[in-house]
Structure formats: structure tokens, C-alpha cells
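Novice: One structure coming up, written as C-alpha cells, with questions to follow.
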Ligand SMILES: [Ca+2]
Ligand SMILES: [Ca+2]
């Protein structure tokens, strides 16, 4: 980890040990085109001159004396990528360089896992997506399942206490309340990991409903509605997200 990275609170991303695997720059190039290079003005970030993937902090100071909340609509410089809050969310698999099967979802604050999709394929040629998931007013952790051990965006929930997800904000928050993120996962336990964070990459797009107060966690009982929403509700939200995604 560089001194600058340590100061900014970034988990170090190591060079991969496996031949033929794409690193973060190659994954960004494939996803957005152009040639991404480190952006010297933003620690841990990359740009192709048109699109910038700005690294999220991993170990920030707590906000307001409590848990750091990472708002999809309004990320603060002091917020990390462990906890996420608010918005209507869509997500899709971008790449997979892993021996393990990969499943993506989230956990609520009761610790219950909600699967969003299984990942098919390998390398850059992968499938798996979910759209129009209403998480307005919710607080959650992203979660990776599949083969091997389960891992969370919150290191304190991981069996090895390590950070298994680093993230970049790719765009937004825009005037219409949208923002896009990339989540890069490491799926091996610390004792056996290269920590190159390319085992699973997921693109997340959030839309903050107009007037949403954000950052107000609701009781776990609210989560019982998630499955229903995944089943086909919120068509207006889905439409907004489809319009925004390319
Ligand atoms: Ca992290
Ligand atoms: Ca790895």
C-alpha cells in the first residue's frame, strides 16, 4: 500500500498471481472502452479521459459518531464502502476470474442474505443481473456467495476480518439522482488470497427517489417486501433505471 493510499483509507489491491487474468484497468477498458490509466489527482482512481472510476474509501472515519453510511445518491468523502443506504438499485455481473461459483446479493441488518443473481460464464463473458430493487430507506451490506466462504462489504462480518470488496464510483450522483458503482470482490480467505480483487466484478446503478430523506435505517421487518419487489413491482422505477443504463 502506498503512503497516499494508506492516508486515504484504501485497501491495497495487489497484482494478480494467476496468468491470463484481467486486472482492474483491463476490466475498465473492456467495460467502457478507451485506455484507462491512473488519475494522479484522485488516489486509487482511473480515467480514460471520458469516464473516471473513482475509488471509494475502505476504512474511513465514522460519520456522526455512528456507523459510516455510504449513500448511493450523495457519497461523502468520509463515508466508506462497508454500509450502503437508500435508493432503487440495479446490478449486473461485469466479469469473473475465479474457480469458485459466484452469487451476488446483499445482507440486511438482521444478517439475512437476499440473493440478487447467480453469475454464469467466466472472464468478461458473464451473465447475471437484477433490476428495480427498491432499497429506499434501507441500510445494507453487499454480499458475495457461491463457492468458498461468504463475504461481505463489511469486513467485520467476514470470517477472516479482511476487506473482500473494493469499489469505484463511476459516475454521479447526477442531477436526476443516479449514480453508478463497480464492486470488485476477492473470494479467497486471507491465508490463501492474492487480494487482486478480480474474482467477481459487479456494476451497480442506484436511483434515489425524489424526496427520499436517505440514511434512515428501518426495522428489519421492512425487508419482508424485498422478494415481492424482485418479482415484478415498481415498474416506474424499473423504467427509470432501464432508461439510465446503456
Ligand atoms: Ca472495502
Ligand atoms: Ca483473487
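No lab work stands behind these numbers, since they all come straight from the coordinates. This one's a predicted model, so the numbers in the text were calculated from it and none came from an experiment. Please note: Cβ atoms are built from the backbone with ideal geometry, for glycine as well, and neighbour counts cover all protein chains shown.
Novice: Quick one: grab the alpha carbon gyration tensor of segment 127-166, order the square roots of its eigenvalues as a ≥ b ≥ c, and give me rounded if a/c is under 1.5, else prolate or oblate depending on whether a/b is larger than b/c.
Specialist: oblate
Novice: What order do you get for 32, 168, 197 when you list them from fewest to most C-beta neighbours inside 10 Å?
Specialist: Starting with the residue having the fewest Cβ neighbours, the order is 32, 168, 197.
Novice: Also, I was wondering about something else. If each residue's Cβ is checked for other Cβ atoms within 10 Å, how do 115, 17 rank with the fewest at the top?
Specialist: Ascending number of Cβ neighbours within 10 Å: 17, 115.
Novice: How would 104, 10 line up from fewest to most surrounding beta-carbon atoms within 10 angstrom?
Specialist: Starting with the residue having the fewest Cβ neighbours, the order is 10, 104.
Novice: Determine, for each peptide in 199-205, 154-160, 178-184, the mean count of other beta carbons within 10 angstrom over its residues, then list the peptides with the highest first.
Specialist: Result, highest mean first: 199-205, 178-184, 154-160.
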